[in-house]
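Below is one structure; the comments refer to it alone.
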Amino acid sequence: MFTGDEPVTRRVVDRFVAGEHVPQALAVARRLVDEGLTVTIDHLGEDTSTRERADAVGAAYLTLLAALDAAGLAPRAEVSLKLSALGQALPDGGERYALRLARRICAAAQQAGTTVTLDMEDHTTVDSTLSVLRDLRVDFPWVGVALPACLFRTAADCVDLATTGSRVRLVKGAYAEPASVAYRSGAEVDAAFLRCLEVLMRGAGYPMVGSHDPALIAHADRLARLAGRSRDDYEYQMLYGVRTREQARLAAAGHRMRVYLPYGDDWYGYFLRRLAERPANLLFFLRSLLPE
Ligand code: FAD
């Protein structure tokens, strides 16, 4: 863990990232699980530009899953995966390469008794990610995916994925998207989120509500009740270090609450890219440093 002597940026990062190595990620995951939360662990990294790097990310996930198994943390701790970190964008068969590595990770997750959720990146990757998801679900039907409500297409994707066994994490969307493919105002994104969530709640799959927004969380609870879902039949998800007290409150109220927990040494790039992509992300992280 970083100490008070480290530069301020490191201490800020420490608030949102579990650490650089597996033992640190495991220690934080253990604490969160002991507090009644569940966890999805992300090995930081994206936009892999070589097959060697993609292989290294794949190997890191296998190490992580073996450690989760040995620590007895599965199934309360699962993993989240960015396909771009597994080489999805590499020329000459990047998608197939990422699929092959993702298959190995899913097999290791199955062995450990836990699950995998695919993060969603910007709109140019959605078709490819959903195609990989379809392939993975043939053998591993429990693989989940994140869908960004800001994209016009997501309403239809939710209809396609609101089926038995399907796990969908609905989020607002973290990437700055062009007006040709996405809603851009906060009010439009919120309205789209609720339309998509209603489809997921009324469908046969397992909805995962990935938001810190109190209004959306209250609506999610209402939509779940209207759809006849019990509290075991959907879950809330929030980022590590963001609205921590609200996470504890939801868990204490009997809701399933999963924390997205990033770890790894690629945190610097992760933060810089997030801030460059969408300046509002700076406000998002800064707000989390204020008392709730
Ligand atoms: P915001 O629009 O950021 O905030 C809405 C309201 O929530 C605020 O007005 C405020 O009232 C309240 N609020 C927010 N933060 C705080 C705070 N710190 N303290 C107090 N109140 C606060 N994006 C992707 O594109 N792909 C992914 O795969 C992906 N995975 C994600 C996984 C998880 C578990 C989560 C939580 C998010 C993920 N995201 C992903 C990011 C997501 O798309 C949003 O960018 C991010 O969650 C911010 O949107 P929000 O719904 O939390 O609400």
Checklist entry - Among the candidates 151, 83, 101, which residue alone is within 12 Å of the ligand (Cβ to nearest atom), touching a helix residue (DSSP H, G or I) at 6+ places or on another chain (Cβ under 6 Å), touching a residue at least 40 places away in the same chain (Cβ under 8 Å) and not charged (D, E, K, R)? => result 83
Checklist entry - Under 9 Å by Cβ, and 6 or more places apart or on different chains, what pairs join a residue from region 255-268 that is touching a residue at least 40 places away in the same chain (Cβ under 8 Å) with one that is aromatic (Phe, Trp, Tyr) and part of a helix (DSSP H, G or I)? => result 262/16; 262/270; 264/270; 267/16
Checklist entry - Among the strands (runs of 3 or more DSSP E) contained in region 206-292, which hold 3 or more residues that are modelled with pLDDT of 95 or more and in contact with a helix residue (DSSP H, G or I) (Cβ under 8 Å, 6 or more places away or on another chain)? => result 257-263
Checklist outcome for this item: Note on residue 64: of the conditions (1) surrounded by fewer than 16 Cβ atoms within 10 Å (Cβ to Cβ); (2) part of a helix (DSSP H, G or I), unmet is (1)
Checklist entry - Any residue at all in region 117-130 that is at pLDDT 95 or above, surrounded by fewer than 20 Cβ atoms within 10 Å (Cβ to Cβ) and away from the ligand (no atom under 16 Å from the Cβ)? => result no
Checklist entry - Which condition number in (1) at pLDDT 95 or above; (2) assigned to a loop (DSSP other than H, G, I, E, B); (3) aliphatic (A, V, I, L, M); (4) within 11 Å of the ligand (Cβ to nearest atom) is the one that residue 174 fails? => result (1)
Checklist outcome for this item: Taking region 260-280 and keeping residues near the ligand (Cβ under 8 Å from one of its atoms) and under 15 Å from residue 238 (Cα atoms) leaves 260
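The values are calculated or read from the model by the stated rules, or taken from the named source; none is laboratory data. No experiment lies behind these values; they were computed from the predicted model shown. All Cβ positions, even for glycine, are placed from backbone atoms using ideal geometry, and neighbour counts span all protein chains on display.
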